[in-house]
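The values are calculated or read from the model by the stated rules, or taken from the named source; none is laboratory data. Keep in mind it's a predicted model, so treat the numbers as computed, not measured. All Cβ positions, glycine included, derive from the backbone under ideal geometry; neighbour counts span all protein chains shown. When the accessible area is computed, the model is the full protein with side chains, heavy atoms only, and any ligands, DNA or RNA have been set aside. Shrake-Rupley method; radii C 1.70, N 1.55, O 1.52, S 1.80 Å.
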Amino acid sequence: MKIFGYQLPAMSSLILWGILWELVGQFELTFFLPPLSAIFSTLMEIGTTKVFLKALAETGYAFFVGTFFAIVIGIPVGILMGKSRLIDELLLPWVNMFLSAPLTALVPVLMVLFGFGMKSIIITTALFAIWIIVLNSRAGVMQINRSLIEMANSFGASPKDAFFKIYFWAALPEILGGVRIGFIRAVKGVIIGQLLISIVGFGALFELYSANFLMKHFWAVLIVLFSISFTIAEFLAHLERKVAYYAARR
Amino acid sequence: MIRYRSYLLTFLSAFIVLGSWEIAGRIPVSYSFPTFVETITAFWVLLLDGTMFVAYGETLKPLVVGVLISAFLGIGIGLTIGLSKKFDWLLSPVFVVMQTAPLAALIPLLVMIYGIGLTSKVFVVCIMAMPVIVLNTSGAVRNTPASIIEMGQAFLGTKRDIILKIILPAASPIIFAGLRLGVSAGFIGAILAELKITPTGVGDIISYSRSIADYPSMYAAIMSIILLAVIFLNVLERIENFLFKGTRQGYASE
Amino acid sequence: MSNNTNDIDNAVTVSNVYKNYGDVEALRDLSLDFPRGQLTSLLGPSGCGKTTLLKIIAGLLPADSGEITVNSQPVTGPGPDRAFVFQDFALLPWATVMRNVAFGLELRGVNQSEREAIAEKYIGDVGLKGFENSYPHELSGGMRQRVGLARALSVDAQVLLMDEPFSAVDEQTRRKFQEDLLNLVKNENKTFIFVTHSIEEAVYVSDQVAILLPRPSRVSEIIRPEGFRHKDATSIRRDSEYLDIVDRIWASLRTYVE
């Protein structure tokens, strides 16, 4: 939007919403919305406490281990599916099913199988992220130009060379797209896992704060989570745009 | 042979997966891992004694109400954002943040505000389902091919005509896809609400059978809701393909 | 045979039109007259502003300054006296051929039975009888543009604005279209304004070719290929005057091609 001929930056309206929030808080219209400034000063206080840092570290750990497994398993499986029709036909129905399935329902199963702890949260995170990574890697391989593969064959590339030097790179834009969506899903997964298994990380903090009606603390944690997930999403979108140049002219 | 190949492979693949489930259950890999046959039996028991129907009546209530509210509000807001630059600037960022943020974290807060009743659960479904509906709708409106809008202007269409007869029909495939994704997110919300807020409906079967270590029933309930969601979304996708068959093509560029 | 150029009746006049896109000067002091009942081509290399000029005449874009008149009335926006044929056809993909052809009339508030009767006639005229209930995606590119043409004809505007209408169809279809267009100009008493980047096409179909040169656009030359207009459609392409004019235009345009 333009004001007096000056183009306003894309996300600038969030500042307006922040001011509105501050006003609602200052006039104490509702108990649930403390002023934004108070939330930030609370954030400064708890931001350095051990509890908070421990929750952050645990969440980060679960997130990175979960996405690591999702990527390390998901990309090769996707590439294999794109290359081999048999594997594709065997796996695709399941991948599609889990992609649209409400995976939240599986958390109780993970809890009874793997216990109330980090392991279940990591698996939840990986489960949220992996299917889209598989599907995008598969799509990336399937759209590879036939002549590129024939070129590799005619120059006598070994299967290993073909896999790492052709398939992976040619499918890279789609793979990265899948990883980006996978990361966004993993953020949701790691939070949902912690909420349901509420004795680790931020899940435990949420329980503590909401049980004691510590609104400022609650919002402070929420804002940290929202900003981190938003930053991750934007960063990955930026990376994806950087490789998009060669996606367009393959 | 070739004709039946894909059916055969689907069947084979189901057989392998369910077979390994059965074997893993028989070893057993874990005390709390029932076999496939036990799970299916528990499923039929729950279905035949009516427990399942009562439970789904309860579970689907917040889902249906929430999705309806989200569809109504979401498409309305999406259209406003898509048609007006001011509202685009004002509201788009809010929904973009909502889309990427783990909104599930708001649940404890919603419980504090609205208690543990239906309202909270409907709210959970709404905050999960709404962003994708809004963003799809506004994106679809904004991406209406410029040339057919120009055509409407050249042939003297009023603003109202152009919105109702050109922009809306052009956007409807993407809006519908947004609704499908909204329903998908709504399922997550409904289940989350039942597991986190108060165990009712299917969530109740899951929690109760877990507490008495009746694992087959627990697995059966979980399997049933996943299957229900997958089948329902699949049907929606088929309706979508049927309704909008061919209408995504037909431009000169193809 | 030739018109007397002094008291010629102009259906459309463009005088002293300027148009800028930001800092880019698209049209500078452009003036051009379009004689009634004739076909005028706007010909030039890409980026010469020919489509911009056409859209300004259509009322889809405002000019920064200058005046456009249609039947001596100044243009302020789209009007019932002009109909547009789009380069990419601009068909509604969810509507049948019948509804697409009748869509211009629908927007003008003509009732259904009346507008379908009119559309029916023009669907027949452009040779799409039997396809009334087909959808655009079921038609070939050439057939889609026939739908676009029928839509423009059915609103019965005196001026037909055509923006590279044949550029998205294959070569054979294109030749057929050009022959059909000659008959259309002869039989319908309409004024045609035709944007193209094909020299052969412009010379073949036009009563008057306006050559536009780019950045900023101005009319560099107006050519009236008249000697072979009376010949039948098939022998024009072998006429020596036709070939001479094509060569002459290419000679003046070639320096502008990268």
Tell me which of these B:Val125 doesn't satisfy, since it passes every other one: (1) closer than 30 Å to A:Leu8 by Cα; (2) of a type outside the set (D, E, K, R); (3) modelled with pLDDT of 85 or more. (1)
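Condition check: surrounded by fewer than 24 Cβ atoms within 10 Å (Cβ to Cβ), of a type in the set (A, V, I, L, M, F, W, C) and touching a residue at least 12 places away in the same chain (Cβ under 8 Å). Does C:Leu92 satisfy that?
Yes.
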Checked A:Phe63, A:Phe31, A:Phe68 against criteria (open to solvent by 50 Å² or more (accessible area, probe 1.4 Å) and at pLDDT 90 or above); the one match is A:Phe68
Is it fair to say B:Ile197 is open to solvent by 70 Å² or more (accessible area, probe 1.4 Å) and either at pLDDT below 90 or within 14 Å of chain C (Cβ to nearest Cβ) (or both)? no
Inside region C:96-193, counting only helices (runs of 4 or more DSSP H) that do not spill past its ends, which hold 1 or more residues that are modelled with pLDDT under 90, touching a Phe, Trp or Tyr at 6+ places or on another chain (Cβ under 8 Å) and of a type in the set (A, V, I, L, M, F, W, C)? C:97-107, C:141-154, C:171-187
Considering only residues that are over 16 Å from B:Glu150 (Cα atoms) and within 20 Å of the chain's Cα centre (by Cα), which ones fall in region C:55-66? C:Ala63
Region C:96-113, subset among the aliphatic types (A, V, I, L, M) and more than 8 Å from chain B (Cβ to nearest Cβ), residue surrounded by the most Cβ atoms within 10 Å (Cβ to Cβ): C:Val101
Filter result (more than 7 Å from chain A (Cβ to nearest Cβ), among the hydrophobic types (A, V, I, L, M, F, W, C) and open to solvent by 30 Å² or more (accessible area, probe 1.4 Å)) within region B:92-105: B:Val96, B:Met98
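Tell me, which residue of region B:59-89 that is facing chain A (nearest Cβ under 8 Å) and buried (at least 17 other Cβ atoms within 10 Å of the Cβ) is farthest from the chain's Cα centre (by Cα)? Working first, answer last.
Step one: list which residues in region B:59-89 are facing chain A (nearest Cβ under 8 Å), which gives B:85-86, B:88-89.
Narrowing the set further to residues that are buried (at least 17 other Cβ atoms within 10 Å of the Cβ) leaves B:88-89.
On the way: B:Asp88: 25, B:Trp89: 28 Å.
Among them, the one singled out is B:Trp89.
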Restricting region C:120-141 to residues that are within 13 Å of another protein chain (Cβ to nearest Cβ), under 25 Å from the mean Cα position of the chain (by Cα) and open to solvent by less than 40 Å² (accessible area, probe 1.4 Å), the residue that is nearest to C:Ser167 (Cα to Cα): C:Gly141
Taking region B:180-194 only, how many residues are touching an Asp or Glu at 6+ places or on another chain (Cβ under 9 Å), within 26 Å of B:Phe33 (Cβ to Cβ) and open to solvent by 30 Å² or more (accessible area, probe 1.4 Å)? 0
Would you check if there is a residue in region C:95-118 being within 15 Å of the chain's Cα centre (by Cα) and closer than 21 Å to B:Ile166 by Cβ? no
Odd one out for C:Lys186 among (1) open to solvent by 30 Å² or more (accessible area, probe 1.4 Å); (2) away from chain B (no Cβ under 11 Å); (3) in contact with a helix residue (DSSP H, G or I) (Cβ under 9 Å, 6 or more places away or on another chain): (3)
Since A:Ile197 meets every condition but one in (1) out of contact with any Gly (no Cβ under 7 Å at 6 or more places or on another chain); (2) within 14 Å of chain B (Cβ to nearest Cβ), which condition does it not meet? (1)
Search result, residues across region A:171-193 that are more than 9 Å from chain B (Cβ to nearest Cβ) and open to solvent by less than 10 Å² (accessible area, probe 1.4 Å): A:Ala171, A:Ile175, A:Gly177, A:Gly178, A:Gly182, A:Ala186, A:Gly193
Criterion (over 14 Å from C:Pro45 (Cα atoms), surrounded by 14 or more Cβ atoms within 10 Å (Cβ to Cβ) and without any contact (Cβ under 8 Å) to a residue 12 or more places away in the chain) met by exactly one of C:Arg175, C:Arg224, C:Arg229, C:Arg237: C:Arg175
Can you tell me which residue among C:Val70, C:Val12, C:Val17, C:Val75 is more than 30 Å from B:Pro169 (Cα to Cα), open to solvent by 20 Å² or more (accessible area, probe 1.4 Å) and β-branched (Val, Ile, Thr)? C:Val75
Taking region C:40-81 as the search range and keeping residues that are touching a residue at least 60 places away in the same chain (Cβ under 8 Å) and of a type in the set (Val, Ile, Thr), which one is nearest to C:Asn16 (Cα to Cα)? C:Ile57
Do we find a residue being within 14 Å of chain B (Cβ to nearest Cβ) and at pLDDT 85 or above anywhere in region C:41-49? no
Just a yes or no: is a residue in region B:39-55 assigned to a helix (DSSP H, G or I), surrounded by fewer than 17 Cβ atoms within 10 Å (Cβ to Cβ), at pLDDT 90 or above and of a type in the set (Ser, Thr, Tyr)? yes
Any idea how many residues of region C:143-156 are under 21 Å from C:Thr196 (Cα atoms) and within 11 Å of chain B (Cβ to nearest Cβ)? 6
C:Ser2 is checked against (1) crowded, with 22+ Cβ neighbours inside 10 Å; (2) farther than 19 Å from C:Tyr256 by Cβ; (3) modelled with pLDDT under 85 and fails just one. What number does that condition carry? (1)
How many residues, within region A:22-69, are among the hydroxyl-bearing types (Ser, Thr, Tyr) and either in a helix (DSSP H, G or I) or in contact (Cβ under 8 Å) with a residue 60 or more places away in the chain (or both)? 6
Can you tell me which residue among C:Ser252, C:Ser217 is open to solvent by less than 40 Å² (accessible area, probe 1.4 Å) and out of contact with any His (no Cβ under 7 Å at 6 or more places or on another chain)? C:Ser217
Could you say which residue among B:Val235, B:Val183, B:Val230 is modelled with pLDDT of 90 or more and within 7 Å of another protein chain (Cβ to nearest Cβ)? B:Val230
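Quick one: how many residues across region B:24-37 are within 14 Å of chain A (Cβ to nearest Cβ) and open to solvent by 90 Å² or more (accessible area, probe 1.4 Å)?
3
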Looking at B:Ser217, B:Ser209, B:Ser172, which is the one that is surrounded by 23 or more Cβ atoms within 10 Å (Cβ to Cβ) and either more than 14 Å from chain A (Cβ to nearest Cβ) or more than 23 Å from B:Val125 (Cα to Cα) (or both)? B:Ser217
How many of the residues making up region B:106-131 are open to solvent by 50 Å² or more (accessible area, probe 1.4 Å) and either under 19 Å from A:Leu33 (Cβ atoms) or within 8 Å of chain A (Cβ to nearest Cβ) (or both)? 4
